[in-house]
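The values are calculated or read from the model by the stated rules, or taken from the named source; none is laboratory data. Since this is a predicted model, take the numbers as computed values, not measurements. Here Cβ is always computed from backbone atoms with ideal geometry, including for glycine, and neighbour counts include all displayed protein chains. These area figures cover heavy atoms from the full protein model, side chains too; ligands, DNA and RNA do not enter into them. Shrake-Rupley method; radii C 1.70, N 1.55, O 1.52, S 1.80 Å.
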Amino acid sequence: MSLLRPLTRHVTTATVTAPRRLVPLAARTAPAAARSFHATRPVLVRPGDPLPDTDALMENTPGTRVNLAEEAKRLSKILLVGVPAAFSPACSSTHVPGYVAHPKVRAGEFDLVGVVSVNDVFVMKAWGETLDPAGTQGVRFFADPSGEFTKALDLAFDGSAIFGGDRSKRYAIVVENGKVKEVHVEPDNTGTSVSLAEHVLGPASS
């Protein structure tokens, strides 16, 4: 009997893993970025848009909430005037008084004329009483303390250098039958080149 034991050959099979294909980050994020881009709301409110459906606006007291989207469903014609700050010089001496005194506003051409500012409701109430002491002009003053309504219109800007936080661009918006018809927004946020009553409603003498 042979003392030599047969040699058993052990073969170790190595598992070869194919190199991992590296996908550039841009390629991996492109679909998500595209979805995000197309889901982004168009910049600024535009003709044909509805008003923001929110009760963030307050009138006279914190407990009196106003949803202008709901108001627009029952009113045929609305005029909204947005201002950067209550009691500021241009707002108090030119912008809002121009609308309060305009013949089309006084004649009742609009079912609702509202002034909107990112201020607290007490400031807006006091400002309204200053501009219309008798309360006979039919102009309503809406506070947007959180800026929610203004931001939903995409009409907020960083006014921290002067006002201490976000404020509303100066604008005028005409709404008919629940949809925005005209938008007049100051290109520099606070100027008075396109949103004055004479530009939006025509000369006061007409």
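When the residues of region 126-140 are filtered to those that are without any contact (Cβ under 8 Å) to a residue 60 or more places away in the chain and within 25 Å of the chain's Cα centre (by Cα), the one that is farthest from Asn60 (Cα to Cα) is Gly138. Report whether or not Arg74 is open to solvent by 40 Å² or more (accessible area, probe 1.4 Å), closer than 20 Å to Leu51 by Cβ and in contact (Cβ under 8 Å) with a residue 12 or more places away in the chain. So Arg74 fails the test.
The residues in region 97-125 that are of a type in the set (A, V, I, L, M), in contact (Cβ under 8 Å) with a residue 40 or more places away in the chain and more than 21 Å from Lys151 (Cβ to Cβ) can be counted, and the count is 3. Exactly one residue among Ser160, Ser146 is touching a residue at least 12 places away in the same chain (Cβ under 8 Å) and polar (S, T, N, Q), and that residue is Ser146.
Residue-level check: of (1) over 19 Å from the mean Cα position of the chain (by Cα); (2) small (Gly, Ala, Ser); (3) at pLDDT below 95, Ser160 misses just (1). So which strands (runs of 3 or more DSSP E) are wholly in region 111-206 and hold at least 1 residues that are open to solvent by 40 Å² or more (accessible area, probe 1.4 Å)? Ranges flagged: 139-143, 156-158, 166-168, 171-176, 179-185.
Here Ala90, Ala85 are screened, and the one residue that is within 18 Å of the chain's Cα centre (by Cα), open to solvent by less than 70 Å² (accessible area, probe 1.4 Å) and modelled with pLDDT under 95 is Ala85.
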